[in-house]
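Notes follow once the structure below has been shown.
The values are calculated or read from the model by the stated rules, or taken from the named source; none is laboratory data. In this text, all values refer to a predicted model and were calculated from it rather than measured experimentally. Every residue, glycine as well, gets a Cβ built from its backbone with ideal geometry; the counts of neighbours run over all protein chains shown. Heads up: the accessible areas ignore ligands, DNA and RNA and are worked out on the full protein's heavy atoms, side chains in. Shrake-Rupley method; radii C 1.70, N 1.55, O 1.52, S 1.80 Å.
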Amino acid sequence: VDALTATFATGLADIAARHPDWLDEVRQAGLVIGLRFAHPMGGMLMTRACYDAGIWAMFAGFDRSVLQFKPGLLMSDAEAGEALARLGAAIAGLLGTGILDDPALVSRMFAAVAPTHEELPSPKGVRR
């Protein structure tokens, strides 16, 4: 597990260095990884981009700018390299679409399916 953790730490640092304006922060505790992106919906956007690249990762419900990335414990070093390559390709592919050039478009895309905490209805008897 330590070797795999180190492989991901090194690979994610490399990806972050290639995309400093998009990948704001890498959070890692072993193989539990959170990637925080520069856009408030970055984790949601990356969930789809990763899916299209063949990676299962999910945005964090508490912060939609974060992608939760949890590689398998039994992954080989070659598989880890492939996952990192696919993640890098997913980021490059998303950035290449130009979707981030229109923040209002991204907000409209997710408005119906992902209301912000402030937009959620309050439970009965609870004030916000």
Note to self: How tilted is helix 2-18 with respect to the longest principal axis of the chain? Cα atoms for both, answer in degrees (0 to 90, nearest 10).
What the structure shows: 60
Notebook entry, point to check: So what's the angle, to the nearest 10 degrees on a 0 to 90 scale, between helix 42-52 and the longest Cα principal axis of the chain?
Noted result: 50
Margin query: With a 1.4 Å probe and all protein chains kept in place, how much accessible area does Val32 have, in Å² rounded to the nearest 10?
Written below: 90
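What does the net charge come to around Arg86 if you take all other residues with beta carbon closer than 11 Å to its beta carbon, with K and R at +1 and D and E at -1? Walk me through the intermediate numbers first.
On the way: positive: none; negative: Asp52, Glu79, Glu82.
Net charge around Arg86: -3.
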Next item on the list: Using a 1.4 angstrom probe, figure out how much accessible area the chain has per residue, in square angstrom, rounded to the nearest whole.
Entry: 59
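Grab the other residues whose beta carbon is less than 13 angstrom from that of Met75, score K and R as +1, D and E as -1, and report the net. The partial results should precede the final answer.
Numbers: positive: Lys70, Arg86; negative: Asp77, Glu79, Glu82.
Summing Lys and Arg as +1 and Asp and Glu as -1 gives -1.
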Next item on the list: Return one number: the angle in degrees, 0 to 90 and rounded to the nearest 10, between the long axis of the Cα atoms of helix 77-97 and the longest principal axis of the Cα atoms of the chain.
Entry: 40
Note to self: Rounded to the nearest percent, how much of the accessible area of the chain (1.4 Å probe, protein heavy atoms only) is carbon and sulfur?
What the structure shows: 59
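Looking at the P(r) of the chain, how many percent of alpha-carbon pairs lie beyond 20 Å? Can you show the working numbers first?
Working: 3693 of 8128 pairs.
I get 45 percent for the Cα pairs in the chain exceeding 20 Å.
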Check: Relative contact order for the chain: what is it in percent, counting Cα pairs under 8 Å that are at least 6 residues apart?
Finding: 21
